[in-house]
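Below you'll find the structure, written out as structure tokens, and then a few comments.
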Amino acid sequence: MKTSTQCALAAVSVALLLAGTSAMAADPAPSPAVVAALASPARPAADKAQDDTRKAAAVAAFAQIKPGDKVADIFPGGGYFTRVFASIAGPKGVVYGVVRQSPKDPAVLANPAFPTIKIAAQQWEDFKPVDKLDVIFNSQFHHDLYNPEYGAKGGGEDGVIRVTKAFYDALKPGGVYIIVDHAGLPGTGHSQMDTLHRIEESEVKKVVTGVGFKLEAESDVLHNPADPKTAAVFDPSIRGKTDQFMLRFRKPK
């Protein structure tokens, strides 16, 4: 006979399933393709030096990128993850570094060792790759999409919804959208997107599932409970150590 505790846990599990709520994912072991890609001699030494702190193996495994995949890296910055993904996707894959018409980004991403990296420069909501994608990766930039200066046209939630819909349309049925961002305190929504550069996790889930994505999994590999979430992410006291959430959304088949 089940104990009252077991019955209660079973009831919670059923409720979560009925509600379509994802469970916190156990971090998967990196595939042989991920391990080989991270060890690739084509990757710059400066990139490899960041692998442990940026949890590259765990992030790539959670993103489920595999050889031959077509991937988009949104606002890739210096291209660290762009090169990781290009190494995993290999010669039969392609990785788009998606930028918003910034003249410096293509130069940063250009690297003869990674010929499958392509630049896609346009407004975020105009992103429409020739081929449907397997994975879209958005690290630490979802909160910035609310800012009309360098995010969605017009900014705000309506703008972010338009951008998210464009990403949804760019994916194959069954494709995944990965979002990593700096966690904000409960109740802050996206109000701190331009001050602390943080966003409340529930705000992300609401907007992304609102356009049709299904929340499939969550990871706490980038979680830092010591972050009080009251300082800007660039503050020396917390820079590089913020509490971050990682979510995997899937486009239904």
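Among the residues of segment 132-144, are any crowded, with 17+ Cβ neighbours inside 10 Å, in contact with a Lys or Arg (Cβ under 9 Å, 6 or more places away or on another chain), within 30 Å of Thr188 (Cα to Cα) and among the charged types (D, E, K, R)?
For segment 132-144, residues crowded, with 17+ Cβ neighbours inside 10 Å, in contact with a Lys or Arg (Cβ under 9 Å, 6 or more places away or on another chain), within 30 Å of Thr188 (Cα to Cα) and among the charged types (D, E, K, R): absent.
Kindly provide the set of residues from segment 36-74 that are surrounded by 18 or more Cβ atoms within 10 Å (Cβ to Cβ), over 18 Å from Arg248 (Cα atoms) and not small (Gly, Ala, Ser), ordered by number.
Once the filter is applied, which keeps residues that are surrounded by 18 or more Cβ atoms within 10 Å (Cβ to Cβ), over 18 Å from Arg248 (Cα atoms) and not small (Gly, Ala, Ser), segment 36-74 yields Leu38, Arg43, Asp47.
Any residue that is surrounded by fewer than 19 Cβ atoms within 10 Å (Cβ to Cβ), closer than 22 Å to Gly155 by Cβ and of a type in the set (A, V, I, L, M, F, W, C) - is there at least one of those in segment 178-194? So that I can check it myself, show each step before the final result.
Step one: list which residues in segment 178-194 are surrounded by fewer than 19 Cβ atoms within 10 Å (Cβ to Cβ), which gives 185-189, 191, 194.
Keeping just the survivors that are closer than 22 Å to Gly155 by Cβ gives 185, 187-189, 191, 194.
Checking the rest, the ones that are also of a type in the set (A, V, I, L, M, F, W, C) come to 185.
Yes: segment 178-194 contains one or more residues that are surrounded by fewer than 19 Cβ atoms within 10 Å (Cβ to Cβ), closer than 22 Å to Gly155 by Cβ and of a type in the set (A, V, I, L, M, F, W, C).
Could you check Ala121 against (1) in contact with a Ser or Thr (Cβ under 8 Å, 6 or more places away or on another chain); (2) buried (at least 21 other Cβ atoms within 10 Å of the Cβ); (3) closer than 19 Å to Val71 by Cα and say which number it fails?
Tallying (1) in contact with a Ser or Thr (Cβ under 8 Å, 6 or more places away or on another chain); (2) buried (at least 21 other Cβ atoms within 10 Å of the Cβ); (3) closer than 19 Å to Val71 by Cα, Ala121 fails exactly one: (2).
Name the strands (runs of 3 or more DSSP E) wholly inside segment 138-253 in which the number of residues that are β-branched (Val, Ile, Thr) and touching a residue at least 12 places away in the same chain (Cβ under 8 Å) is 2 or more.
So the answer is 171-182.
What's the total number of residues in segment 39-95 that are polar (S, T, N, Q), closer than 16 Å to Asn138 by Cα and out of contact with any Lys or Arg (no Cβ under 8 Å at 6 or more places or on another chain)? Spell out how you get there, then give the answer.
Of all residues in segment 39-95, those polar (S, T, N, Q) come to 40, 50, 53, 64, 82, 87.
Among the residues that remain, those that are also closer than 16 Å to Asn138 by Cα are: 64, 82.
When the remaining residues are screened for being out of contact with any Lys or Arg (no Cβ under 8 Å at 6 or more places or on another chain), the result is 82.
Selection size over segment 39-95: 1.
Taking segment 84-133 on its own, how many of its residues are closer than 20 Å to Ala63 by Cα and among the charged types (D, E, K, R)?
4
No lab work stands behind these numbers, since they all come straight from the coordinates. On a predicted model such as this, the values are computed, not experimentally measured, just so you know. Using ideal geometry, Cβ is built from the backbone for each residue, glycine included, and neighbour counts are taken over all protein chains shown.
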